[in-house]
Amino acid sequence: MDGTTLIIGAGGKTGTRVAARLAKQGPLRPVSRRTSPPFDWKDRRSWAPALQGATRAYVTFQPDLAIAGADADIAELARLGREAGLEQMVLLSGRGEPGAQRAEQALIESGLDWNVVRASWFAQNFSEGVFVDGIRAGLLALPAGPVPEPFIDADDIADVATAALTDPSLRNRIFEVTGPRALTFAEAVDIIAAATGRPVAYRQISPADFADGLTPYLPPDVIALLVSLFTEVLDGRNIATADGVQQALGHAPRDFADYAALVAATGVWETVP
Ligand SMILES: NC(=O)c1ccc[n+]([C@@H]2O[C@H](COP(=O)([O-])OP(=O)(O)OC[C@H]3O[C@@H](n4cnc5c(N)ncnc54)[C@H](OP(=O)(O)O)[C@@H]3O)[C@@H](O)[C@H]2O)c1
């Protein structure tokens, strides 16, 4: 592949995987707040140096495209990218979030070649994200009721993003990606418990109790964002599966049970003494 590929959020759940897939396909520039050059979504001065000389970019926004102003940030990143010679941007987005859809539109209208990978909630939230401590402790308590969600494997997301970055015939398309079936959080936890061979319970708690539990660990704006994702997005709007993995890759997405079996074998969910 000609030219440098910029990966924004390179140490994250999908950025790591995209970088691994592209490692042998030409120069990579993985960036986040801790890289050189650094890239910080909260400091626009850091954006142009990161974009300099890049041909294409995989973009994961922080903390979430649902926040106010995310669309303006994506529009500005794309504008600076065009100035710097960028040709294509692949944006990771979320389903059912009006703010995320505004950000997608900003990219689509930017004049760059574009792709949107519009994902359901990640399976890896249970193993690399905010739910992993609960799974290890044997009790996951969240403000989510019996609304099913078609959790997607981050490996499938990375495969779709990589295909979009490397296959010109896939450009300028939205890939809406989900797992093959919707599961409630209680069902997902049951599958993880079966895979690990030890009991793990799921309990629905109130948004207020959830926020109180996070107060010692996270800033108020991040807690408010998490609460809003649980209370607004998990209302049934995203239950239907979508075929973006099949469209981009020609095969079905990985089932949650297969994800759980693979992760259980790594020992990530073993109880912390
Ligand atoms: N999790 C889900 O279920 C889900 C579902 C749909 C869509 N999404 C979207 O996925 C995106 C996150 O992607 P991901 O899960 O692959 O990444 P991630 O695992 O959340 O983290 C990516 C990296 O972002 C960096 N980061 C944090 N704050 C930053 C900032 N202010 N500026 C620059 N980098 C920053 C961190 O590295 P440093 O500490 O080194 O900066 C971190 O390693 C979000 O936009 C989210 O809305 C998530």
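The values are calculated or read from the model by the stated rules, or taken from the named source; none is laboratory data. As the structure is a prediction and not an experimental result, all values here were calculated from the model. Positions of Cβ are generated from backbone atoms using ideal geometry, with glycine treated the same way; all protein chains shown enter the neighbour counts.
Could you tell me which of the residues Val117, Val132 is β-branched (Val, Ile, Thr) and within 13 Å of the chain's Cα centre (by Cα)?
Going through Val117, Val132 in turn, the sole match is Val117.
Determine whether segment 188-204 contains at least one residue that is at pLDDT 95 or above, of a type in the set (A, V, I, L, M) and surrounded by fewer than 17 Cβ atoms within 10 Å (Cβ to Cβ).
Within segment 188-204, one or more residues are at pLDDT 95 or above, of a type in the set (A, V, I, L, M) and surrounded by fewer than 17 Cβ atoms within 10 Å (Cβ to Cβ).
Based on this model, can you work out whether Gly26 counts as surrounded by fewer than 22 Cβ atoms within 10 Å (Cβ to Cβ) and either away from the ligand (no atom under 11 Å from the Cβ) or at negative phi (or both)?
In short, yes.
Exactly one condition in (1) over 20 Å from Gly244 (Cβ atoms); (2) more than 9 Å from the ligand (Cβ to nearest atom) is false for Pro63; which is it?
Just one mismatch for Pro63, condition (2).
Scan segment 253-273 for residues that are among the aliphatic types (A, V, I, L, M) and surrounded by 13 or more Cβ atoms within 10 Å (Cβ to Cβ) and jot them down.
Ala257, Ala260, Ala261, Leu262, Val263, Ala264, Val268
Taking Ala106 and the conditions (1) buried (at least 23 other Cβ atoms within 10 Å of the Cβ); (2) within 19 Å of the chain's Cα centre (by Cα); (3) farther than 23 Å from Pro253 by Cβ; (4) among the aliphatic types (A, V, I, L, M), which numbered condition does it fall short on, given that it satisfies the others?
(1)
In segment 90-110, how many residues are in a loop (DSSP other than H, G, I, E, B) and at pLDDT 95 or above?
3
Of everything in segment 140-175, what is part of a strand (DSSP E or B) and either under 10 Å from Ala248 (Cβ atoms) or without any contact (Cβ under 8 Å) to a residue 40 or more places away in the chain (or both)? Give them in sequence order.
Once the filter is applied, which keeps residues that are part of a strand (DSSP E or B) and either under 10 Å from Ala248 (Cβ atoms) or without any contact (Cβ under 8 Å) to a residue 40 or more places away in the chain (or both), segment 140-175 yields Arg173, Phe175.
When segment 29-51 is examined, which residues are found to be surrounded by fewer than 19 Cβ atoms within 10 Å (Cβ to Cβ), touching a strand residue (DSSP E or B) at 6+ places or on another chain (Cβ under 9 Å) and not hydroxyl-bearing (Ser, Thr, Tyr)?
Of everything in segment 29-51, those that are surrounded by fewer than 19 Cβ atoms within 10 Å (Cβ to Cβ), touching a strand residue (DSSP E or B) at 6+ places or on another chain (Cβ under 9 Å) and not hydroxyl-bearing (Ser, Thr, Tyr) turn out to be Arg33, Pro37, Pro38.
Does Val117 qualify as being among the aliphatic types (A, V, I, L, M), crowded, with 22+ Cβ neighbours inside 10 Å and either touching a residue at least 12 places away in the same chain (Cβ under 8 Å) or not in a helix (DSSP H, G or I) (or both)?
yes
Right, Gly179: buried (at least 23 other Cβ atoms within 10 Å of the Cβ), in a loop (DSSP other than H, G, I, E, B) and of a type outside the set (Asp, Glu) or not?
When the stated conditions are applied, Gly179 passes them.
Testing Thr241 on (1) in contact with a strand residue (DSSP E or B) (Cβ under 9 Å, 6 or more places away or on another chain); (2) buried (at least 16 other Cβ atoms within 10 Å of the Cβ); (3) modelled with pLDDT of 90 or more, one condition comes back false. Which one is that?
Among (1) in contact with a strand residue (DSSP E or B) (Cβ under 9 Å, 6 or more places away or on another chain); (2) buried (at least 16 other Cβ atoms within 10 Å of the Cβ); (3) modelled with pLDDT of 90 or more, Thr241 violates only (1).
Applying the selection to segment 22-40, what residues are modelled with pLDDT of 95 or more and either in contact with a Leu (Cβ under 9 Å, 6 or more places away or on another chain) or under 16 Å from Gln88 (Cα atoms) (or both)?
Correct list: Leu22, Pro27, Leu28, Arg29, Pro30, Val31, Phe39.
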